[in-house]
Amino acid sequence: MISKYQSRRRVLQYSVATGVAMIAAPYIKTARSAGKLSLGVWDHWVPGVNDVLQKICEDWGSANGVEVNMDFITSIGNKLLLTAQAESRAKTGHDVYSLPVYYPSMFRRSLEPVDDVVTDIISAYGPLAQSAYFLAQLDGVWRAAPSPTASPNLASVSRLDLY
């Protein structure tokens, strides 16, 4: 037979469980809780490159539950450099920024270490060109990750079969 009265112990258990759920609720991660990611990338001069990059990033965002916002910034008139300087001084701006070859050294104090990202790249694809270490590994940590475009890792886009 079901009792219509709750014991004090049962009420206390429900209260504690409800309290824990209320406290933990904001910290529970779901597949759609990753949020937003803002990218400032080089506006490539080759027709179609921006569209391909946009699709790659949007597909990644969809797969990971991240809303990706991309700003294509031209290098004409040093706009890429000026935007990086403004965001660095304001301490706000894009989450990920495309820095051409020598820019990481200029912004080393504003860039977060990305050792984990570069370590994953090296373990998956092998060692980088020596110039990548010189240009992006600053003060003993990686301040930038090499990429096939606007990066010292230009060997990744070479066609060795043509030589």
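Only the coordinates and a few stated rules stand behind these numbers; no lab work does. Worth saying up front: this structure is predicted, and the values here are computed from it rather than measured. Glycine also receives a Cβ, built like all others from the backbone with ideal geometry; neighbour counts cover every protein chain displayed.
For this structure, a couple of remarks:
- Karplus 3J(HN,Hα) series, Hz, for region 136-144 with 6.51 cos²θ - 1.76 cosθ + 1.60 (x for Gly, Pro): 10, 9, 10, 6, x, 10, 7, 9, 8
- Around the amide H of VAL141, modelled in the peptide plane, lies no amide H under 5 Å away from a residue 5 or more places distant or on another chain.
- 3J(HN,Hα) couplings calculated from phi for region 73-87 with the Karplus curve 6.51 cos²θ - 1.76 cosθ + 1.60 (θ = phi - 60°) are, in sequence order, 10, 6, 8, 5, x, 6, 4, 4, 5, 4, 5, 4, 5, 4, 5 Hz; Gly and Pro show x.
- Karplus-derived HN-Hα couplings along region 91-101 (A = 6.51, B = -1.76, C = 1.60, θ = phi - 60°), whole Hz, x at Gly and Pro: 6, 8, x, 5, 6, 10, 10, 7, 10, x, 2
- Only Lys, Arg (+1) and Asp, Glu (-1) charged, at Cβ; region 35-160 dipole about Cα centre in debye: 420 debye
- Annotation: aspartates and glutamates with alpha-carbon distance below 18 angstrom to LYS91 (same-chain offsets under eight excluded): ASP71, GLU112.
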